[in-house]
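One structure is given below, encoded as C-alpha cells.
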Amino acid sequence: MTSSIGVAVIGAGMAGKAHAAAFRAASTVYSPVLPEIRLVAIGDVYAPLGQEAAKRFGFERHESDWKAIAAADDIDVVSVVVANSLHREIVEGLLAAGKHVLCEKPLSDTIEDARAMADAAREAEARGTVARIGFSYLRAPGIAFMRQLIDDGRIGDVFHFSAHYWTDYGCRPDVPISWRYQGPAGSGALGDVGSHLSYIAEHLCGGVQEVSGGRFHTSITERPKPIGQVVGHSRGNVSTEMSPVTNDDYATFNAKFERCVGSIEVSRVAAGHPNSLSIEVFGSKGAARWSQTNPSQVEVMLHDELGDLAGYRTVPLGPAHPHYAGGWAMDAPGVGIGQNDLFVHQARAFLEEVAGLPEAESLPRCKSFDDGVHNMEFLAAVAESAAQGGATVQVPANAAGTTNTVGTNTQEVAR
C-alpha cells in the first residue's frame, strides 16, 4: 500500500464541493485503514470560485487549468466534476498521465464520447490505473436495505417499481441559461436526475430490457443570458437577452426489467420539490418504499401482519442495515443520513480501491465506465422512445455485467 494519496477535484461548483468535502471526510468513516490522504488541489477555470473552495475544504492550492493537475507529481487521484461535455478531454488526459479518476455521472454528453472514455479506462486499467463513475445513491443504506428485502425474498416476487425524482431548480423563468439547459433531447432533467433513477431501478429490479412511453416536455422554452459566472443552480444577475432551451424540463417513461416492470418520472420544474426522490417496490408478499426527503428510514409493508395492523411500518435505519455500522461517528438508529454522506462513502470506496485494499474487506466498489456507458444507453433508449411517440425500444445489455451484482457487503460491519 502506498504511504499517501494526493487528491484533486476538478470543478468547484455544487457537486465539486460535495466531492471535495467527501475526500476530506473519507478517512473519518469506518476503521482507519487508509494511507494518509493529502488534499492537494481544486481545479476551476473561474479562479475566485476555485480559490474559495480550496481554502474552505483545506486543499493546498487552486489550479485554473486541468492540465496542471494532470502534470502534477503530487496528485494521484482526481474527481472530475464539470460540465458533461468537458468530461472526455479531461478524463482521457488524466488517465494518460497516470491519474486515478472518479468521474461524475453521466459519463459524458454523447454515447460516442462515453464509449471512447470506457476504452481509455480499460487501457488505463491494464497499466494499474483505476477509473470509476460514482452512482452515489448506491451508498444509501435505505436503498441497500430495499435490495436486501428483495434478495431475501421478504417481499416475495417483485411485481412493479415506481419512482419519481422531482426538483425545482429550473422552475423559475429567470433562472439563467447554462450548459444544463442546452443539449440534445434527454440531456436535461432525464440526464441530470433521471440518470440517478435509472441505475437505482436496475439495482433493485435487475437489468433493463426495454423502455416505452417515453415523453419529454420543455416548459420554459427560453432563458435569460447570465451576467457573470453561473455556479451550480444559482440564479444571479441576468441580461435581457434570451437563449433557447434545447433539452427537457420533464421526462417520463415505462420500463421492463429482469424482475418486473416499472414507471419513472423526472422534473426540474416541480415547484416546491427541491430534491424529492422517491422509490417504491411492490411484491407478492409486501412492499417497501424510501424517499430522499426522509432518508434515515424505510417504510415496509408485509402481508403476514395482523389484519388490524396491516399497512406500512416505519423502520429507522441503524447498525442492523447495510452500509451503516461503523460508518459514522454516531452510528446509532435515528441519528440521520444525508445526501452529503453518500459522497463521503463514495470517496471512501474509491480510495480503498486505489490504495489496494482487498475487495472483500472494502465497501462495494464504485461502478466502472462500462456501467456508465450502459447508463447512457438506457437514457438514449428513452430519448428514442420519446422521438418515436412513445414506441417500445430495446436497451442493450450491460457490457460490464455488473448491474445487478452489487450486494450489501457486510464486511464493512466487522471493521
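The values are calculated or read from the model by the stated rules, or taken from the named source; none is laboratory data. On a predicted model such as this, the values are computed, not experimentally measured, just so you know. Here Cβ is always computed from backbone atoms with ideal geometry, including for glycine, and neighbour counts include all displayed protein chains.
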| Of all the residues that make up the stretch 8-46, how many are closer than 14 Å to Val81 by Cβ and more than 23 Å from the chain's Cα centre (by Cα)? | 2
| Unmet requirement for Asp152, which otherwise passes all of (1) outside the structural domain of Ala380 (by TED's automatic domain parsing); (2) free of Cβ contacts under 8 Å to residues at least 60 places away in the same chain | (1)
| remark: For the stretch 248-288 the number of residues that are among the basic types (Lys, Arg), more than 21 Å from the chain's Cα centre (by Cα) and in a loop (DSSP other than H, G, I, E, B) is 2
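Considering only residues of the stretch 326-353 that are out of contact with any Ser or Thr (no Cβ under 9 Å at 6 or more places or on another chain) and of a type in the set (Gly, Ala, Ser), which is surrounded by the most Cβ atoms within 10 Å (Cβ to Cβ)?
Gly327
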| task | Kindly check whether there is at least one residue in the stretch 25-46 that is assigned to a helix (DSSP H, G or I), closer than 25 Å to Gly228 by Cβ and of a type in the set (Gly, Ala, Ser). | result | no
| Hits in the stretch 79-98 (condition: touching a residue at least 40 places away in the same chain (Cβ under 8 Å) and in a loop (DSSP other than H, G, I, E, B)) | Val81, Val82, Ala83
| field | Qualifying positions in the stretch 132-143 - in contact with a Ser or Thr (Cβ under 9 Å, 6 or more places away or on another chain) and closer than 15 Å to Pro316 by Cβ | value | Pro141, Gly142
| Count of the stretch 354-370 residues which are closer than 16 Å to Lys105 by Cα and either surrounded by fewer than 19 Cβ atoms within 10 Å (Cβ to Cβ) or modelled with pLDDT under 95 (or both) | 1
| query | Can you pull out the residues in the stretch 316-340 that are in contact with a helix residue (DSSP H, G or I) (Cβ under 8 Å, 6 or more places away or on another chain) and either free of Cβ contacts under 8 Å to residues at least 24 places away in the same chain or assigned to a loop (DSSP other than H, G, I, E, B) (or both)? | reply | Leu317, Pro319, His321, Pro322, His323, Tyr324, Ala325, Gly326, Gly327, Trp328, Ala329, Ile337
| field | Unique match (being on the phi < 0 side of the Ramachandran plot, outside any helix (DSSP H, G or I), assigned by TED's automatic domain parsing to the domain that holds Ser219 and in contact (Cβ under 8 Å) with a residue 12 or more places away in the chain) among Arg172, Arg147 | value | Arg172
| Of all residues in the stretch 45-92, how many are hydroxyl-bearing (Ser, Thr, Tyr) and farther than 20 Å from Met376 by Cα? | 2
| request: Output yes when any residue across the stretch 375-387 is assigned to a helix (DSSP H, G or I), surrounded by fewer than 18 Cβ atoms within 10 Å (Cβ to Cβ), outside the structural domain of Glu299 (by TED's automatic domain parsing) and out of contact with any Pro (no Cβ under 7 Å at 6 or more places or on another chain), and no when none is. | output: no
| note | Those residues of the stretch 47-78 that are closer than 21 Å to Val344 by Cα, assigned to a loop (DSSP other than H, G, I, E, B) and not aromatic (Phe, Trp, Tyr) come to a total of 4
| Looking at (1) of a type in the set (Asp, Glu); (2) surrounded by fewer than 24 Cβ atoms within 10 Å (Cβ to Cβ); (3) touching a residue at least 12 places away in the same chain (Cβ under 8 Å), which is the one condition that is false for Asp73? | (3)
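Would you list the strands (runs of 3 or more DSSP E) that sit entirely within the stretch 179-247 and hold 1 or more residues that are surrounded by fewer than 19 Cβ atoms within 10 Å (Cβ to Cβ), at pLDDT below 95 and in contact with a helix residue (DSSP H, G or I) (Cβ under 7 Å, 6 or more places away or on another chain)?
Counting at least 1 such residues, we get no strands (runs of 3 or more DSSP E) at all.
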